[in-house]
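The values are calculated or read from the model by the stated rules, or taken from the named source; none is laboratory data. Keep in mind that what you see is a predicted model, and the values were worked out from it rather than measured. So basically every Cβ, Gly included, is an ideal-geometry build from the backbone, and we count neighbours across all protein chains shown.
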Amino acid sequence: MAKISTGTGDDGTTGLVGGARVAKSAQRVEVIGAVDETNDALGLAAALATRGELKALLRTLQEDLFALGADVMAPEGTRTIRITPTHVTRLVREEDRLEAALPPLQHFILPGGTPCAAALQLARSMARRAEREAWRAHAAAPLGGDVMVYLNRLSDLLFLLAREENVKAGVEDQQWMGRHAP
């Protein structure tokens, strides 16, 4: 792996896969930043998780996000699509499993509960932002693969995982009451 501190970004550019440089303000770079933040929040959730199967799933999702980032950072014509419909199907299967096991939602709920569930909710909102950034980038230059679909499914999965974490800990969902401050 190359040296971390090279100074090459001091001019406001960053490198793409293959060595091309783009402005740090480029939409594609915004996607990568949002994906990195999502991955960081998944790392926090994994550090807080007490169940081995959840830690393993979060590690898989983190690996997926690195692959997704490589898809986004490869210039047109050099892309190797790493996030495929198979990745999306895996997320959907996990969502189906969770929805079958969780009590049905009867109302909007507030993020929170256990520290791990709260971190999963934070990762969910970050994944939503990453998806919005990806759609903006895609409008300018197609990203290819299943980047946006994966991010959309990921945010739904993280919501369900947060609910599962609270259920397993015996923590009730906190219902949004719809009240406004006086």
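Annotation: of all residues in the range 108-129 being touching a residue at least 60 places away in the same chain (Cβ under 8 Å) and within 15 Å of GLY43 (Cβ to Cβ), the one that is nearest to the chain's Cα centre (by Cα) is ALA127. Flag set for LEU157, criterion: in a helix (DSSP H, G or I) and not β-branched (Val, Ile, Thr). Consider the range 91-107 and keep the residues that are outside any loop (DSSP other than H, G, I, E, B) and touching a residue at least 12 places away in the same chain (Cβ under 8 Å). The one that is surrounded by the most Cβ atoms within 10 Å (Cβ to Cβ) is LEU91.
Restricting attention to the range 68-86, the residues that are within 16 Å of the chain's Cα centre (by Cα) and either surrounded by fewer than 17 Cβ atoms within 10 Å (Cβ to Cβ) or at pLDDT 95 or above (or both) total 2.
Just name the residue that is modelled with the highest pLDDT out of those in the range 1-59 that are surrounded by 15 or more Cβ atoms within 10 Å (Cβ to Cβ), over 30 Å from ASN166 (Cβ atoms) and hydroxyl-bearing (Ser, Thr, Tyr). Of everything passing the filter in the range 1-59, THR13 is modelled with the highest pLDDT.
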